[in-house]
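**Student:** Before we start, here is the structure in question, set down as structure tokens.
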Amino acid sequence: MDMRSDDYGELQRLVDSVFPPGVSSAATAERLDVEMRAEILDLATDLMEVVGALPPRTYTRQRLCDQLNSILTARGWGNVYGTVE
């Protein structure tokens, strides 16, 4: 039984749009930047809930991925929407 949503991988697309490949690992983005990008990408309601659960802070790519994965795991949605790296 496949538990994947049609929106599987969309959070990875979000991370890649906030931190494009090749950008410095020291680059940062604010939570507001991530939320705005999520709205531009028109993410599904559940995924917007994940983004909305991000604590307000400045994120590096790694910190953003860790936080999103933590939120996905807490909701049991890792298999449904996929984790990010």
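**Student:** When the accessible area of region 37-81 is computed with all protein chains present and a 1.4 Å probe, what percentage of it is carbon and sulfur?
**Tutor:** So the carbon and sulfur contribution to the accessible surface is 44 percent.
**Student:** Let me ask you something else. So with the 1.4 Å probe, I'd like the accessible area per residue for the chain, rounded to whole Å².
**Tutor:** Working: 5050 Å² over 85 residues.
Per residue, the chain has an accessible area of 59 Å².
**Student:** On alpha carbon coordinates alone, what is the Rg over Rh value for the chain, Rh being the Kirkwood radius?
**Tutor:** Ratio value, two decimals: 0.94.
The values are calculated or read from the model by the stated rules, or taken from the named source; none is laboratory data. Everything quoted here is computed from the prediction, not taken from an experiment. Remember, those area values only see protein heavy atoms, side chains included, never the ligands or the DNA or RNA. Shrake-Rupley method; radii C 1.70, N 1.55, O 1.52, S 1.80 Å.
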